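Enquirer: One structure is given below, represented as structure tokens, and several questions about it will come after.
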Amino acid sequence: MPDQVPTEGLLRELADVLAAPLGAILPGLSRLLAPIVPHSGMVMLTADVSGGRLQGCGDPTFVSGVRGLDLERLRRGTSEVETVRRTHIDTGDRRRPALQVVARNGALLVLADPSPLENTGLVLDVWNIVSLHVQERADEARPDYLQHARSTSGARLKALAELADEYATTLEALLTALRSRKLSDSEARAAGIARAADGLVRLRAVTDEVRTLTEEPVGVAFDRLKQDLLSAVRLRDLELQFGDPPSDGRPLPDEVARGARAVARRVVLSRIDIPEVTRIRVQWNCDGVHLLMSVRDDGPGDPADAEMLRRATRRRIDSLNGRLSVDATPGWGTELSAVLPLDPPRAHLSSSAISRLRPREVQVAELLVAGSGNRAIGDRLGVSENTVKFHVSRILRALGVASRSQAIAALLAEQRS
């Protein structure tokens, strides 16, 4: 490993990484970091324009074997906002050494089988720059990905609830059978009861874990926003004030936390170049059902400027099914207020789509809309991958489309109609 990486070459490679399409950023980052910390594979967990948060490159056994839940657990188990540390991560039946890098904005980078690393600060600095760039690309993009994430989160939770009910019913039936007096082998009955009871406990634990890891405590989400904003205005003659949400407020769904931070950042960044603005107050609150957000400045209160602010943020708020108001009072300032529902809209297929599909195909179609692949659908429904392919082909014919992406688009369009 070289003791020193040439600064000019590193900056040139970093510029190339940032200029690349989103899908090529991670491979470029892997090549950039290889001379600093050789590794066999890499995954990152962060928001991007497509709404997909988990991406990987390198060793396919590592990339395909890493579970999103394990990465969420790693990220949320780190007390420090910025950190580099060695750890281990399970990939199927193998436990592999890894390097965990958490950026200032909470984005997680994991390198598989890393070599000894001396310059941890350089790796962290590079990841901070790249993760912030990915975040900004998401913030500046069309907000449709938030709407898709919002709609599919309902389908994911619905599928999870149905899966839990199905397995719970099966295991409860097993318990009933094993407790039957018709069974004479007491040892087998006791072992079966213990296994079934353990299965129920584990299923409930996994269900709770999934729901927990797809949400973010409102205080943590707001602290991340504060760090972002303080970093953005540190060289400006501007006072930032914060109204923290209640510490016991309801956790925020991940897409709501991301969307609310994006709106607040955009508002503050649009204010800092207005000479008359010397103070901005950012406040979040929760009423148990909604996230209540406001950003107020002490600027000129220009109605034309308020209308521009409304247009710049309206689509993102609409994507989260929220309500937006922007009020300007000449001589007193401008205030943006938003109300974001915490519960996702109910995800279901319309009656016209259901009428053309069989019950099992409806289940497959809902999982398609939620973004699941054939293997994941088969695992959830307890059928083979070939059976899933058969159902998908039937769905394509029923909807009159030629590809999975067209089918998903058609089903989403019927949801919105």
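The values are calculated or read from the model by the stated rules, or taken from the named source; none is laboratory data. This is a predicted model, so every value here is computed, not measured. Positions of Cβ are generated from backbone atoms using ideal geometry, with glycine treated the same way; all protein chains shown enter the neighbour counts. These accessible areas exclude ligands, DNA and RNA; they are computed on the full protein's heavy atoms, side chains included. Shrake-Rupley method; radii C 1.70, N 1.55, O 1.52, S 1.80 Å.
Enquirer: Could you please let me know if Ala264 is at pLDDT 75 or above, in a helix (DSSP H, G or I), within 28 Å of the chain's Cα centre (by Cα) and of a type in the set (A, V, I, L, M)?
Expert: yes
Enquirer: Now, a different point. Looking for something at pLDDT below 85, under 20 Å from Ser319 (Cα atoms) and within 20 Å of the chain's Cα centre (by Cα) - is there at least one such residue anywhere in the range 241-254?
Expert: yes
Enquirer: Looking at (1) closer than 19 Å to Leu235 by Cβ; (2) at pLDDT 90 or above; (3) among the aliphatic types (A, V, I, L, M); (4) in a helix (DSSP H, G or I), which is the only condition Val277 fails?
Expert: Checking Val277 against (1) closer than 19 Å to Leu235 by Cβ; (2) at pLDDT 90 or above; (3) among the aliphatic types (A, V, I, L, M); (4) in a helix (DSSP H, G or I), the one that fails is (4).
Enquirer: Which one of Ala338, Ala304, Ala264 is without any contact (Cβ under 8 Å) to a residue 60 or more places away in the chain and buried (at least 22 other Cβ atoms within 10 Å of the Cβ)?
Expert: One residue alone meets the criteria, Ala264.
Enquirer: Residues Ala376, Ala347: which one is at pLDDT below 85, in a helix (DSSP H, G or I) and either over 28 Å from Leu320 (Cβ atoms) or not charged (D, E, K, R) (or both)? Spell out the reasoning first.
Expert: Details: Ala347 fails: in a helix (DSSP H, G or I).
Only one candidate passes the filter, namely Ala376.
Enquirer: Give me the pairs, please: first residue somewhere in the range 238-258 and without any contact (Cβ under 8 Å) to a residue 12 or more places away in the chain, second residue anywhere and crowded, with 18+ Cβ neighbours inside 10 Å, beta-carbon distance under 6 Å, and either six or more positions apart or on two chains.
Expert: none
Enquirer: Of Leu324, Leu340, Leu336, Leu292, which residue is closer than 15 Å to Val218 by Cβ, in contact with a helix residue (DSSP H, G or I) (Cβ under 8 Å, 6 or more places away or on another chain) and not in a helix (DSSP H, G or I)?
Expert: Leu340
Enquirer: While we're here: Out of the residues in the range 377-408 that are within 22 Å of Gly68 (Cα to Cα) and touching a Ser or Thr at 6+ places or on another chain (Cβ under 8 Å), which is least open to solvent (accessible area, probe 1.4 Å)?
Expert: Filtering the range 377-408 for residues that are within 22 Å of Gly68 (Cα to Cα) and touching a Ser or Thr at 6+ places or on another chain (Cβ under 8 Å), the one least open to solvent (accessible area, probe 1.4 Å) comes out as Gly378.
Enquirer: Could you list, in sequence order, the residues of the range 33-47 that are among the aliphatic types (A, V, I, L, M) and assigned to a strand (DSSP E or B)?
Expert: Met42, Val43, Met44, Leu45, listed by residue number.
Enquirer: Right, here's the next one. What residue, among those in the range 53-68 that are surrounded by fewer than 15 Cβ atoms within 10 Å (Cβ to Cβ) and of a type in the set (Gly, Ala, Ser), is modelled with the lowest pLDDT?
Expert: Gly68
Enquirer: Can you tell me how many residues within the range 213-246 are open to solvent by less than 30 Å² (accessible area, probe 1.4 Å), in contact with a Pro (Cβ under 9 Å, 6 or more places away or on another chain) and of a type in the set (D, E, K, R)?
Expert: 1
Enquirer: Okay, moving on. Identify the residue in the range 366-376 that is closer than 18 Å to Asn386 by Cβ and crowded, with 17+ Cβ neighbours inside 10 Å and, among all such residues, is nearest to the chain's Cα centre (by Cα).
Expert: Within the range 366-376, the match that is nearest to the chain's Cα centre (by Cα) is Ser372.
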